[in-house]
1. Have a look at 144, 357, 284 and report the one farthest towards the positive end of the charge dipole of the chain, computed about the Cα centre with Cβ charges (Lys/Arg +1, Asp/Glu -1).
2. Mind counting lysine pairs for me in the stretch 295-399? Cα separation below 17 Å, and the two need to be 8 or more apart along the chain or on different chains.
3. Estimate the FRET efficiency between residue 98 and residue 180 by the formula 1/(1 + (r/R0)^6), using the beta-carbon distance for r and 25 Å for R0, to the nearest 0.05.
4. What ratio of Cα Rg to 2.2 N^0.38 Å holds for the stretch 213-396?
5. 5 Å is the cut-off here: which amide hydrogens, built 1.01 Å from N in the peptide plane, fall below it relative to residue 171, excluding neighbours closer than 5 in sequence?
6. For residue 173, give me every one of the lysines with a C-alpha distance below 28 angstrom, ignoring sequence neighbours fewer than eight places off in its own chain.
7. Please find the FRET efficiency linking residue 144 to residue 212, where r is the Cβ-Cβ separation and R0 is fixed at 45 Å, and quote it to the nearest 0.05.
8. Among all helices in the chain defined by DSSP H, which have a length of 15 Å or more along the axis from Cα atoms plus a Kyte-Doolittle mean of at least 0.0?
Amino acid sequence: MKFSFTEVLYALSYALDCVEHELIGVTTNHSKRVAYICVKMGRKWKLITNQLLDLAACALLHDNALTEFIQAEYTEQGEANATNLSIHCVLGEKNIEKIKFFGNVKGAILYHHENADGTGPLKKTWKEIPLYARIIHLADQLDANFDLSDVSEKKYNEIKSFLHQNTNTMFDKECTQAFFNCFDFEEITGMENNKIDGTLRENIPKIQYEYANEEVINFAQLFATIVDYKSEFTHTHCIGIAQKAYEMGKFYGYDEETRTKLYLAGALHDIGKLAVDNDLLEKNGKLTAKEYKDIQTHAYQTYYMLRGIEGFEEITSWASLHHEKLNGTGYPFGKTAQQLGKNERLMACLDIYQALVEKRPYKDGMEHNKAIEILREMAAENQIDKKIVEDINFVFANG
Ligand SMILES: [Fe+2]
Ligand SMILES: [Fe+2]
Ligand SMILES: [Fe+2]
Ligand SMILES: [Fe+2]
């Protein structure tokens, strides 16, 4: 499959930022700004294009494990806890182990909260920390503390004194020097929300590469993990759908690339849920009409994030139309049977089937036959595809 990994990460960074926002209040486009600062600074070390792409990818993924340890990492008061801070670093590093990078990115995520003087969560000093991690640390801290989407001259001066005060403690001298060399006041204003996409495009090329199916699956698993950990209610949901969609692809005799795309669509179908508050996703009791509508926005959010990615046209459609119904009563677009192809219908059926058979804290997984009965009833009402329900019955009848 051919696509630009960086472009996909830009698109999905919105979802990651939503999680970081919920936790520590970073503002829209945080990951993109971190990526941009990193690449600018990386040039000071004369990194070549592939290294810059790796650095940008790690910057965009710096907090990929936040959903996994959202509760453990922050105390009840919402204060960062130094001991627990290492958890998302360790998990985040592990999550990207199987991801295909151009070169060695070891430690880039593991050490992104380490301080130059060894007072960080893993007690490494700057000489022991790989360059990518040192750069990401500085960029991340600056944007989290100062919101670089809106910098006045006064704020720029505050940033300068913050960096001077923290050189040799939080940040090493080489990094702060590189930052000052790259960012004068004018340069820093290139990160305003209406400029950041253009700024990124100028600085980080969106080059398409061919990825082996296995590499795409690894990538899909990373994102399924991120979404599935958003809520303990649904912690096997996306990965379950991805695997089942892949299996169904086999049953239909699809080629390996199409099956891989189905897997990816399954992994990403609920990525829009990262933009919805957990309080709402996990609300105990009946939802109000407004709350129900708010939850429904996740399907549109999935569409919104995926729609611009070159090479993801089919995946966008399969992933984001999983709540559409053949009789036109679904969302987000209220599409009808003629507008819903076989794989869109397949994802819709699998979404319901998986939700029924998966175990959740408040319910056991339903037996296959019972779940199929419910699907058949929905098919009888022309909500979902009758034939596909029987195919699912055939393929998964024996667990
Ligand atoms: Fe972090
Ligand atoms: Fe961050
Ligand atoms: Fe959904
Ligand atoms: Fe779903």
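Rule-based calculations on the coordinates, nothing more; no lab input. Computed from a prediction, not measured in an experiment: that's the story for all the values here. Cβ: placed from backbone, ideal geometry, glycine included. Neighbour counts: every protein chain shown.
1. Among 144, 357, 284, the one farthest towards the positive end of the dipole of the chain is 357.
2. On the way: 325/335; 325/342; 325/386; 325/387; 342/386; 342/387; 359/370; 370/386.
Value for the stretch 295-399: 8.
3. On the way: r = 37 Å, r/R0 = 1.48.
After rounding to 0.05, the efficiency reads 0.10.
4. On the way: Rg = 15.4 Å, N = 184, 2.2 N^0.38 = 16.0 Å.
Normalised Rg, Cα atoms only: 0.96.
5. The answer is 116.
6. 32, 40, 44, 46, 106, 123, 124, 127, 154, 155, 160
7. Values: r = 36 Å, r/R0 = 0.80.
In this case the efficiency is close to 0.80.
8. On the way: long enough: 5-24 (26 Å, 0.78); 30-44 (22 Å, -0.49); 49-60 (16 Å, 0.99); 82-95 (21 Å, 0.08); 131-146 (23 Å, 0.35); 153-166 (20 Å, -1.67); 213-228 (22 Å, 0.54); 237-251 (21 Å, -0.02); 256-268 (18 Å, -0.27); 289-306 (27 Å, -0.99); 342-357 (22 Å, 0.28); 368-380 (18 Å, -0.15); 386-396 (16 Å, 0.43).
Span-like helices here: 5-24, 49-60, 82-95, 131-146, 213-228, 342-357, 386-396.
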